[in-house]
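Following: one structure in structure tokens, then a few remarks.
The values are calculated or read from the model by the stated rules, or taken from the named source; none is laboratory data. Remember, it's a predicted structure, so these values are computed and weren't measured experimentally. Cβ sites come from the backbone with ideal geometry, for glycine too, and all protein chains shown count toward neighbours. These area figures cover heavy atoms from the full protein model, side chains too; ligands, DNA and RNA do not enter into them. Shrake-Rupley method; radii C 1.70, N 1.55, O 1.52, S 1.80 Å.
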Amino acid sequence: MSSKEAIGVFDSGLGGLSAVKEFLHVLPNEKIIYFGDTGRVPYGNRSNNTISKYAFQDTRFLLEHNVKLVVAACGTVSSVAGDALRSSLSVPYTGVVNPTAFAAAEKTKNNRIGVIGTAATIGSHSYKNRLQKLNPNFEVFELACPLFVPLVENGFISRDDQIAQLVVKRYLSELKEQDIDTLILGCTHYPLLSGAIQDFMGSDVTLVDSGYETALYSAKILKENNLLNDSSDTKNPEFFVSDTPDDFKKIAELFLGRNMEHTVTQIDIESY
């Protein structure tokens, strides 16, 4: 197999693994190369210039592995640097904003949609702008939830975890009063808190998982470009991080449901 058959996925940390899990289900014949920038997480409270710089370094690293598709499994990068990446790359690119907005637009019944994400994602209004382009009648309620990323990165993800429940309630109380019927989890870390979020918001609110929608959309891009892999050999994903891989293995095993032994490599992302 030539390495040109790989899909490159990157995120500011470990949240993008929620997207990788969906990629492994939706595109089981594809090789995944994942880079998690664990040394510089989170991106969401950085300046747009810094986020763009990091995004291009992450992408250059993946391109060295001759990937055929680059996926920014990161709401912050998709919102701040997505257009710049798309126009500069020699291979197809997708972020998470477009596929997720399309899915939310299809799911809402009352045209009231909530979006939660990092400060940078919410500040860019990327989801709101996309949704209102799809339908000017949509009412979009945006909310930054900066503590969700460190919660996930530190493993506080169980729906029964009191800390997770407390932070979810603290952030989402005002959103719950807006009578939304659809809630975009606008950061790939957030699906790991979906149990606590769903419990608090109630069963009438549909959660939209950006990782899952992006995996479906990536399959579509590969098909349209005749880049789907026909071989059915199982290909083990490769994982790279910019800081010590120990915690990565532990948390990755939690939400990939597979043993991570010997599959994580630390790299110096500053050299790209």
## Note on the structure
Within segment 151-174, residues being out of contact with any helix residue (DSSP H, G or I) (no Cβ under 8 Å at 6 or more places or on another chain) and among the aliphatic types (A, V, I, L, M) number 1
## Note on the structure
Exception for E139 within (1) more than 23 Å from S79 (Cβ to Cβ); (2) among the acidic types (D, E); (3) touching a residue at least 24 places away in the same chain (Cβ under 8 Å) falls at (1)
### Task
Please tell me if I122 is under 15 Å from the mean Cα position of the chain (by Cα), closer than 22 Å to C145 by Cβ and assigned to a strand (DSSP E or B).
no
### Query
Within segment 73-87, can one find any residue that is farther than 26 Å from Q132 by Cα and touching a strand residue (DSSP E or B) at 6+ places or on another chain (Cβ under 7 Å)?
no
### Message
So, in segment 42-71, how many residues would count as being among the β-branched types (V, I, T) and surrounded by fewer than 21 Cβ atoms within 10 Å (Cβ to Cβ)?
### Response
1
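How about segment 72-87: which of its residues are of a type outside the set (A, V, I, L, M, F, W, C), open to solvent by 10 Å² or more (accessible area, probe 1.4 Å), in contact (Cβ under 8 Å) with a residue 24 or more places away in the chain and over 10 Å from A120 (Cβ atoms)? If you could, list the steps in order and put the result at the bottom.
Going residue by residue through segment 72-87, those that are of a type outside the set (A, V, I, L, M, F, W, C) are 75-76, 78-79, 82-83, 86-87.
Retained after the next criterion (residues that are open to solvent by 10 Å² or more (accessible area, probe 1.4 Å)): 78-79, 83, 86-87.
Still in the list and also in contact (Cβ under 8 Å) with a residue 24 or more places away in the chain: 78-79.
The one that is of a type outside the set (A, V, I, L, M, F, W, C), open to solvent by 10 Å² or more (accessible area, probe 1.4 Å), in contact (Cβ under 8 Å) with a residue 24 or more places away in the chain and over 10 Å from A120 (Cβ atoms): S78.
For residues that are out of contact with any strand residue (DSSP E or B) (no Cβ under 8 Å at 6 or more places or on another chain), under 19 Å from S18 (Cα atoms) and part of a loop (DSSP other than H, G, I, E, B), tally how many sit in segment 125-160. First the steps, then the outcome.
Our first condition is that a residue be out of contact with any strand residue (DSSP E or B) (no Cβ under 8 Å at 6 or more places or on another chain); within segment 125-160, this holds for 126, 129-130, 133-137, 146-147, 149-160.
Subset that is under 19 Å from S18 (Cα atoms): 146-147, 149-159.
Now drop any that are not part of a loop (DSSP other than H, G, I, E, B), which leaves 146-147, 154-159.
Of the residues in that region, 8 qualify.
Kindly evaluate R60 against the criterion of being outside any helix (DSSP H, G or I) and over 19 Å from I221 (Cβ atoms).
Details: outside any helix (DSSP H, G or I): no; over 19 Å from I221 (Cβ atoms): yes.
For R60, the condition - outside any helix (DSSP H, G or I) and over 19 Å from I221 (Cβ atoms) - is not met.
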## Note on the structure
Checking L228, L207, L175, L192 in turn, the sole residue that is part of a helix (DSSP H, G or I) and open to solvent by 20 Å² or more (accessible area, probe 1.4 Å) turns out to be L192
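Could you tell me which of the residues Y43, Y54 is hydroxyl-bearing (S, T, Y), touching a residue at least 40 places away in the same chain (Cβ under 8 Å), under 17 Å from T121 (Cα atoms) and assigned to a loop (DSSP other than H, G, I, E, B)?
Working: Y54 fails: assigned to a loop (DSSP other than H, G, I, E, B).
Every option except Y43 fails the conditions.
Give the number of residues within segment 244-261 that are part of a helix (DSSP H, G or I), in contact with a strand residue (DSSP E or B) (Cβ under 8 Å, 6 or more places away or on another chain) and open to solvent by less than 20 Å² (accessible area, probe 1.4 Å).
Filtering segment 244-261 down to residues part of a helix (DSSP H, G or I) leaves 246-256.
If we keep only those that are in contact with a strand residue (DSSP E or B) (Cβ under 8 Å, 6 or more places away or on another chain) as well, we get 248-249, 252.
Next, from what is left, pick out any that are open to solvent by less than 20 Å² (accessible area, probe 1.4 Å): 248, 252.
Result for segment 244-261: 2.
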### Query
What do you reckon, is E213 closer than 19 Å to C74 by Cβ and not in a strand (DSSP E or B)?
yes
### Summary
Residue pairs qualifying under the 8 Å Cβ cut-off, at least six apart or on distinct chains, with the first in segment 157-173 being without any contact (Cβ under 8 Å) to a residue 24 or more places away in the chain and the second being exposed (fewer than 13 other Cβ atoms within 10 Å of the Cβ), are none
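Looking at segment 124-135, is at least one residue under 25 Å from R46 (Cα atoms), surrounded by fewer than 17 Cβ atoms within 10 Å (Cβ to Cβ), of a type outside the set (K, R) and at pLDDT below 95?
Step one: list which residues in segment 124-135 are under 25 Å from R46 (Cα atoms), which gives 124-131.
Now narrow it down to the ones that are surrounded by fewer than 17 Cβ atoms within 10 Å (Cβ to Cβ): 125, 129.
Filter again for of a type outside the set (K, R), leaving 125, 129.
Among the residues that remain, those that are also at pLDDT below 95 are: none.
Looking through segment 124-135, none of the residues is under 25 Å from R46 (Cα atoms), surrounded by fewer than 17 Cβ atoms within 10 Å (Cβ to Cβ), of a type outside the set (K, R) and at pLDDT below 95.
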### Query
Hey, does segment 188-198 have a residue that's of a type in the set (S, T, N, Q) and within 20 Å of V77 (Cβ to Cβ)?
yes
### Task
Name the residue, out of F102, F35, that is open to solvent by less than 10 Å² (accessible area, probe 1.4 Å) and of a type outside the set (D, E).
F35
